[in-house]
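Since the structure comes first, as structure tokens, the remarks are kept for the end.
The values are calculated or read from the model by the stated rules, or taken from the named source; none is laboratory data. If you're wondering where the values come from, they're calculated on a predicted model, not measured in any experiment. Positions of Cβ are generated from backbone atoms using ideal geometry, with glycine treated the same way; all protein chains shown enter the neighbour counts.
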Amino acid sequence: MRNLEELILPRSISDYFKKEIKAAALKKDLNQILKRFIIISGVFSILSLLFIDWSGSGTSLVLSLIGYFLVAFIIIFIVILALFLVWLSVKKYNRKNKIEDVLADYLQLVSTNVGSGMTIDQSLWYAVRKRFGILSDEIEIVAKKIMGGMEVKEALFDFAARYDSDVLKKSITLLVEGMESGGRLAELIAKISWNIKENQLMKKQLASDTTVYVLFVGFATLIAAPVLFALSHRIIIVMSNIISNIDLSSAVGVSTKLPITKLGSSLDQGDFKIFAFISLFITSIVSSLIIGSVRRGDIKGGVKLIPIFIAISFILFLIASIILTTVFSNVGI
């Protein structure tokens with residue numbers, strides 16, 4: 001019997017998801033995940049049918065229900081898959097950062113073990129500590145592969161290939177080249193460890209130097225944009241009220257081609273509010289990704305900021321709207 005993944009997803013997409021799931025260290029396989037996504041999509045598709053007016057469907061009500069359900073199901077399923085892929089990328093990115101943060105300390109212990117006379121595989125194993133977290137789990141997998149008959153360099157390359165980390169891949173490559181050359185391996189590993197620490201210090205320095213830019217982007221997104229949108233919304237309401245109260249019928253001898261009577265009705269208040277929310281939503285996403293790119297050197301570092309930025313900008317827009325409404329009402333406008 002064919003797997004569910006083979007029935008739903010193309011082979012290339014299925015293999016890609018499997019690779020990402022493995023890199024993110026999820027315990028569930030793709031079939032189990034797809035079953036849950038199908039159930040969730042079906043439930044939301046059924047719920048969406050309740051918000052549609054079917055009074056004008058007539059005899060085609062059943063066909064309309066089926067057609068709308070299928071369209072809603074496909075759209076929701078694709079959206080869930082896309083969000084799941086983003087979540088996998090962020091999870092894998094966080095795992096990579098945790099490994100890079102402790103890699104230098106781990107290699108320092110490996111260097112000490114090699115210098116004391118241990119073989120490289122023993123040095124890798126005995127350098128494992130609980131404080132290394134994810135790196136300890138990965139080294140345990142490497143050790144099991146070595147004990148199963150795989151060569152040390154192949155096990156290390158498999159480990160490095162699971163993560164999009166230049167630091168990890170270059171460190172493993174230098175380590176393997178040192179093993180094959182037969183030089184002073186302990187000294188080489190110690191230098192690799194020191195270079196990693198230097199790069200980490202340099203990144204922290206660059207991050208501190210870009211704090212002003214991060215603050216500027218954050219201020220523009222979280223404070224300036226919501227307040228300005230709220231002010232514009234209130235001005236539209238005020239102008240609509242003023243124009244609606246102007247009586248031009250009593251004006252004698254006044255001739256103008258300007259559509260004064262339509263000035264307040266060209267832009268609906270509700271439409272502008274929807275536009276404001278959409279703009280704040282897009283701005284929050286872009287700003288979060290920019291901050292992640294500036295602070296961490298990768299836009300994935302800003303994905304976790306997206307819901308926070310969206311929530312703060314929406315809440316501040318509503319608060320500013322309430323405050324401006326109170327202020328304008330107090331002055332009689």
Report task. Could you name every one of the helices (runs of 4 or more DSSP H) located completely within the stretch 10-124 that has at least 2 residues being touching a residue at least 12 places away in the same chain (Cβ under 8 Å) and under 22 Å from F159 (Cα atoms)? Result -> 11-23, 61-115
Report task. Spot the failing condition for K98; the list is (1) in contact with a Gly (Cβ under 7 Å, 6 or more places away or on another chain); (2) within 21 Å of K18 (Cα to Cα), and only one is missed. Result -> (2)
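Is it the case that some residue within the stretch 271-287 is farther than 22 Å from T211 by Cβ, basic (K, R), modelled with pLDDT under 90 and part of a helix (DSSP H, G or I)?
yes
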Query - Output for the stretch 297-313, where each listed residue is touching a residue at least 40 places away in the same chain (Cβ under 8 Å) and either surrounded by 13 or more Cβ atoms within 10 Å (Cβ to Cβ) or outside any loop (DSSP other than H, G, I, E, B) (or both) - result: D298, K300, G301, V303, K304, F309, I312, S313
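Looking at K170, K130, K203, K144, which is the one that is surrounded by fewer than 15 Cβ atoms within 10 Å (Cβ to Cβ), on the phi < 0 side of the Ramachandran plot, of a type in the set (K, R) and touching a Ser or Thr at 6+ places or on another chain (Cβ under 7 Å)? Walk me through it before giving the result.
Numbers: K170 fails: touching a Ser or Thr at 6+ places or on another chain (Cβ under 7 Å); K203 fails: touching a Ser or Thr at 6+ places or on another chain (Cβ under 7 Å); K144 fails: touching a Ser or Thr at 6+ places or on another chain (Cβ under 7 Å).
Every option except K130 fails the conditions.
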Report summary line: Of the residues in the stretch 105-124, those that are modelled with pLDDT under 85 and under 23 Å from A23 (Cβ atoms) number 1
**Report entry** Residue list for the stretch 54-79, filter: surrounded by 10 or more Cβ atoms within 10 Å (Cβ to Cβ), of a type outside the set (G, A, S) and at pLDDT below 80
**Finding:** W54, L61, L63, L65
Query - Residue ID - nearest to S284 (Cα to Cα), chosen from residues in the stretch 182-230 that are of a type in the set (F, W, Y) and touching a residue at least 40 places away in the same chain (Cβ under 8 Å) - result: F229
